[in-house]
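Right, one structure below, let's go through it.
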Amino acid sequence: MPKILVIEDELNIQKLVKANLAASGYQVFVASDGEEGLGLAKLESPDLILLDLMMPGISGWDVLTALKTNPRVREIPVVIMTASAHKDEEDKARSMGAVNYLVKPFSADELLRHVKQVVGASDNKDA
């Protein structure tokens, strides 16, 4: 079962993303801020990280930098989840190592499409 780490400070988005991914057969871990997210990335070695850019404390940009410069976790694919639809920010995120860029608000179908592109479908036959 693929493991996905969601680093997102908005509780409603956390719940929706987690519920949709869990219902599709993925194992989901949630972090409410960048520091917690970095710790969980090292601890759980997820197959994918969904990362919000705008968070209090350590920003998503700083988290992305920390992930991509740490040999233990730099190979984990990162998909950015953000409200910013600016092309220059998407280009920056990709140049920093993000594999995809998902603009909020997004549908459950969009979310699952992005996840499946990176880690494949889950083994859950009910999904």
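Using the Karplus relation 6.51 cos²θ - 1.76 cosθ + 1.60 with θ = phi - 60°, the per-residue 3J(HN,Hα) values for region 96-104 come to 8, x, 5, 8, 7, 9, 10, 8, 7 Hz, with x marking Gly and Pro.
Peptides 13-25, 51-63, 97-109, ordered by how many other C-beta atoms sit within 10 Å of their residues on average, highest first, read 51-63, 13-25, 97-109.
Assigning unit charges at the beta carbon (Lys, Arg +1; Asp, Glu -1) and nothing else, what dipole magnitude in debye, to the nearest 20, does region 3-118 show about its Cα centre? List each step's numbers first, then the result.
Details: 13 positive and 17 negative charges, 77 e Å.
Roughly 380 debye, rounded to the nearest 20.
For the chain, the relative contact order works out to 27 percent when only alpha carbon pairs closer than 8 Å and six or more residues apart are counted.
Computed over the chain, the per-residue total of -39500 (n - 2.57) for DSSP H runs of n ≥ 4 gives a 222 nm mean residue ellipticity of -13000 deg cm²/dmol, rounded to 500.
Each residue in 91, 47 was given a count of other beta-carbon atoms within 10 angstrom of its own, and listing them fewest first yields 91, 47. Solvent-free Debye calculation, one equal scatterer per alpha-carbon of region 3-118: log10 I(q)/I(0) at 0.09, 0.24 Å⁻¹ equals -0.19, -1.64.
Bear in mind that the values in this text are calculations on the coordinates, not laboratory data. These numbers come from a predicted model, not from an experiment. Neighbour counts run over all protein chains shown; Cβ positions are idealised from the backbone, glycine included.
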